[in-house]
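Peer 1: Pasting in a structure now, in structure tokens, and then I'll have a few things to ask.
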Amino acid sequence: MANKNVLFKIKRQATPTSEPFWEEYEIAWRPGLNVISLFMEVAINPVTREGKPTTPVNYDSNCLEEVCGSCAMLINGKARMACSALVDNLEQPLTIEPFSKFPVIRDLQVDRTVLFENLKAVKAWVPIDGTYALGDGPRIVPQVQEKAYQLSQCMSCCCCMEACPQFNESTGFVGAATIAQARLFNMHPTGKVLKEERLAALMGDGGIQECGYAQNCVEVCPKDIPLTKSISDVSGDVMKKAVLDFFRL
Ligand code: SF4
Ligand code: SF4
Ligand code: FES
């Protein structure tokens, strides 16, 4: 077989405040390459396509099996995980960029604190902390378990937020992942004690009403989380709460 090469360019940035710049690379093709392995090749031999010495590329990764959520970036313009992006399935030259809606730390590594702050705001947890053993939790019927399991697979990658037209500084929208996690913990028999507080957190500025139902989120979610169903379910609960709150006044 004739020698094949892989061409790719990466948008790099040395510090959070420095100017981004593009670098091109060319490496020898081999079967089964994914995007993370391209970065590893650059680390082994840090030279650009023009032969200029450079530095290894900075990026986050951990599990390398699309579970941890850390390697999310823009690959050929699409928000996705680098570890599951197979080079043979991608058009060349590949363009690889950090997420555009999150502060760049260095190269492809971004700061996704906003998601974790949003999860804190909606109390996305089951309140079971205590100083003594609480025993077995309540039983959950299989039909609810199945729905909850889907939602529990969220790996906080933020692809849904990057792709969402409403997730920007002017709306302050919390994004689809946070809403789906609010739904997950609202359906848990113990977690639902905080349901009212979660819905209240989603009623204000940046809450669920900012969603324009463009459905970009559900299309890019690597875990196929039912995001639009979650948004419509939680939206219904928020509306019910708003009506009840009105009559309670
Ligand atoms: S449905 Fe559209 S506006 Fe709503 S969270 Fe998803 S991408 Fe954003
Ligand atoms: S909902 Fe999907 S796209 Fe969004 S953070 Fe979770 S796994 Fe990622
Ligand atoms: S390295 Fe964990 S999802 Fe890609």
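The values are calculated or read from the model by the stated rules, or taken from the named source; none is laboratory data. Here the structure is a predicted model, which means the values were calculated and not measured. Cβ placement follows ideal geometry from the backbone for every residue including glycine, while neighbour counts extend to all protein chains displayed. Remember, those area values only see protein heavy atoms, side chains included, never the ligands or the DNA or RNA. Shrake-Rupley method; radii C 1.70, N 1.55, O 1.52, S 1.80 Å.
So that you can scan it fast, the table gives a plain yes or no per residue for (1) among the small types (Gly, Ala, Ser); (2) over 23 Å from residue 34 (Cα atoms); (3) open to solvent by 20 Å² or more (accessible area, probe 1.4 Å):
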{"site": "68", "(1), (2), (3)": "no, no, yes"}
{"site": "77", "(1), (2), (3)": "yes, no, yes"}
{"site": "88", "(1), (2), (3)": "no, no, yes"}
{"site": "92", "(1), (2), (3)": "no, no, yes"}
{"site": "150", "(1), (2), (3)": "no, yes, yes"}
{"site": "158", "(1), (2), (3)": "no, no, no"}
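Peer 1: Of all residues in region 1-30 being surrounded by fewer than 11 Cβ atoms within 10 Å (Cβ to Cβ) and in contact (Cβ under 8 Å) with a residue 24 or more places away in the chain, which is farthest from residue 94 (Cα to Cα)? Let's see the steps before the verdict.
Peer 2: Going residue by residue through region 1-30, those that are surrounded by fewer than 11 Cβ atoms within 10 Å (Cβ to Cβ) are 1-4, 15, 17, 19, 21, 28.
Going one step further and asking which of them are in contact (Cβ under 8 Å) with a residue 24 or more places away in the chain, we end up with 3-4, 15, 28.
Values: 3: 18, 4: 15, 15: 23, 28: 14 Å.
By that ranking, first place goes to 15.
Peer 1: Residue check: is residue 162 within 12 Å of ligand 2 (Cβ to nearest atom) and either of a type outside the set (Asp, Glu) or closer than 30 Å to residue 58 by Cα (or both)?
Peer 2: Yes; evaluated as a whole, the condition is true for this residue.
Peer 1: I need the full set of residues from region 1-44 which are in a strand (DSSP E or B) and over 20 Å from residue 84 (Cβ atoms), in order please.
Peer 2: Keep residues of region 1-44 that are in a strand (DSSP E or B), which gives 5-12, 21-28, 34.
Once the filter is applied, which keeps residues that are in a strand (DSSP E or B) and over 20 Å from residue 84 (Cβ atoms), region 1-44 yields 5, 7, 9, 11, 12, 21, 22, 23, 24, 25, 26, 28.
A quick yes/no check of all residues on (1) in a helix (DSSP H, G or I); (2) within 16 Å of ligand 3 (Cβ to nearest atom); (3) without any contact (Cβ under 8 Å) to a residue 12 or more places away in the chain:
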position: 203; (1), (2), (3): no, no, no
position: 212; (1), (2), (3): no, no, no
position: 230; (1), (2), (3): yes, no, no
position: 242; (1), (2), (3): yes, no, no
position: 246; (1), (2), (3): yes, no, yes
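Peer 1: I want to confirm something. Restricting to region 48-60 and keeping residues that are open to solvent by less than 50 Å² (accessible area, probe 1.4 Å) and of a type in the set (Ser, Thr, Tyr), which single residue is farthest from residue 93 (Cα to Cα)?
Peer 2: Selected residue: 54.
Peer 1: Moving on to the next point. Please state which of the following conditions residue 224 fails to meet, knowing it meets all the rest: (1) open to solvent by less than 50 Å² (accessible area, probe 1.4 Å); (2) within 16 Å of ligand 3 (Cβ to nearest atom).
Peer 2: Tallying (1) open to solvent by less than 50 Å² (accessible area, probe 1.4 Å); (2) within 16 Å of ligand 3 (Cβ to nearest atom), residue 224 fails exactly one: (1).
Peer 1: Take region 207-221 and flag every residue that is open to solvent by less than 40 Å² (accessible area, probe 1.4 Å) and out of contact with any Ser or Thr (no Cβ under 6 Å at 6 or more places or on another chain).
Peer 2: Those that are open to solvent by less than 40 Å² (accessible area, probe 1.4 Å) and out of contact with any Ser or Thr (no Cβ under 6 Å at 6 or more places or on another chain): 207, 211, 217, 220, 221.
Peer 1: Turning to a different aspect of this structure: Could you say whether any residue in region 191-211 is within 14 Å of ligand 2 (Cβ to nearest atom) and either within 21 Å of the chain's Cα centre (by Cα) or of a type in the set (Phe, Trp, Tyr) (or both)?
Peer 2: Checked region 191-211: at least one residue is within 14 Å of ligand 2 (Cβ to nearest atom) and either within 21 Å of the chain's Cα centre (by Cα) or of a type in the set (Phe, Trp, Tyr) (or both).
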